[in-house]
Amino acid sequence: MPLPPAFENRSPIEQIIGGVVVPMVFGLLTGFALGFNAVLYYVLAGPLAIGGGFIGGMEHRSPDEGFVRGAIGGLIFGSFVMLGLEILNDEPDAYLGDPQVGLVFVTTIVGGILGALGAAYRSRRERDFGADTTAPPAAG
């Protein structure tokens, strides 16, 4: 499986979309799910968010960069989960703990760890198989 293109090699608009817009939209959708259905929330906030944090980290060549990307993505994601729930003006269907804003701290820390793990995976793959393990750039 090829690695995603490095974040630094992407255009500024791709960096903004991947680093800011995707966590915002996914956080809002997850926040809406939190107000509607606990199972859907756990699916979105669990395996899908974990995979997204790890893959986002894989776009970086050092665990330090991956950690920063993951922490920022986790902060944006968690904040927009809470915003999505607030837009619905509803009680969460899943237990969040008290205070509920603690979710933002958890997503920030876990996001940083996942980003660092993704970047460490990339650096190990590049070291073991050479730097030619990235996916070819998209046409267009």
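Comparing Cα centroids, the range 44-105 and the range 19-36 end up 9 angstrom apart. In order along the range 9-17, phi translates into HN-Hα couplings of 8, 7, 5, x, 5, 5, 5, 5, 5 Hz, rounded to whole numbers, per the Karplus curve 6.51 cos²θ - 1.76 cosθ + 1.60 with θ = phi - 60° and x for Gly and Pro. Note on the chain: helix-only mean residue ellipticity at 222 nm, from DSSP H runs of 4+ residues weighted -39500 (n - 2.57) and normalised by residue number, equals -21000 deg cm²/dmol. Computed on the range 10-129, with alpha-carbon pairs under 8 angstrom and 6+ residues apart, the relative contact order is 37 percent.
Residues whose amide H comes within less than 5 Å of that of residue 3, counting only those at least five positions distant or on another chain, are 134, 135 (H built at 1.01 Å from N in the peptide plane).
When the P(r) is computed for the chain, the part past 17 Å accounts for 59% of the Cα-Cα pairs.
Here, each number is a calculation from the coordinates, and none is a lab measurement. Note that the coordinates shown come from a computational prediction; the quantities given were computed from them, not determined experimentally.
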